[in-house]
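Following: one structure in structure tokens, then a few remarks.
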Amino acid sequence: MKLVAYALFALSSLLTLSGCTPTVILGGAAIGGVAVAEERSVGTVIDDATIKVQIGNAIFQKSEPMFTSTSTTVIDGVVLITGEVPTPEDRVEISRLIWGVKGVKELHNEVKVADSEGLSNFASDSLITTKLKLLLLRDPEIMNINYSVDTVDGTVYLMGIAQNEAELQRVKNHAKEISGVRHIVSYVKLKSELNEA
């Protein structure tokens, strides 16, 4: 428990030094609580949260619309970014900004160049994400806290740590049950793969 308290203090200090708002600092308590329950260590959760904040800051400094139209997930230094931007150049710029953040080990840039349907799909995508998160939460055979879900234009992006192949397949099967899902893209790692690393 002392480790968790120390880690939260360190995160709060780090975020204070980097000029983040108190709202983000208060999120440190939630980060600590999550770390105790999931597969990543407290230190890794804090590192990932720090990387996510720095990525968000870099993108926001470049373009506020680019920041608001994208979503970032970081697990064990692996970054997944989704969303839509107006031009291919913006998509390339996002990759450049993310690779400039210390601690990024791998990047999955799933940002799409927006078409005229982008806004109309937002509500549908949000509904798909919410439905899938509820299905994972209600399934006792899935450790839902280890998964991150995002949906863009009917494509469901999964990221996280699966206990085993069977659990991951259950997650994918739940996604397939939802109306409006066109594709499923998984960047989920198996727990056994992490143990071997």
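Applying the condition of being part of a helix (DSSP H, G or I) and of a type in the set (S, T, N, Q) to region 45-79 and asking which residue is farthest from VAL188 (Cα to Cα) yields GLN61. Has region 162-180 got at least one residue that is in contact with a strand residue (DSSP E or B) (Cβ under 7 Å, 6 or more places away or on another chain), under 19 Å from ILE81 (Cα atoms) and touching a residue at least 24 places away in the same chain (Cβ under 8 Å)? So far as region 162-180 goes, no, none of its residues is in contact with a strand residue (DSSP E or B) (Cβ under 7 Å, 6 or more places away or on another chain), under 19 Å from ILE81 (Cα atoms) and touching a residue at least 24 places away in the same chain (Cβ under 8 Å).
Exactly one of (1) in contact with a Ser or Thr (Cβ under 6 Å, 6 or more places away or on another chain); (2) at pLDDT 95 or above; (3) of a type in the set (Val, Ile, Thr) is unmet by VAL152. Its number? Here VAL152 clears every test but (2).
The values are calculated or read from the model by the stated rules, or taken from the named source; none is laboratory data. Just so it is clear, the model here is predicted, and its values are computed rather than measured. Note that each Cβ is placed from the backbone with ideal geometry, even for glycine, and that neighbours are counted across all protein chains shown.
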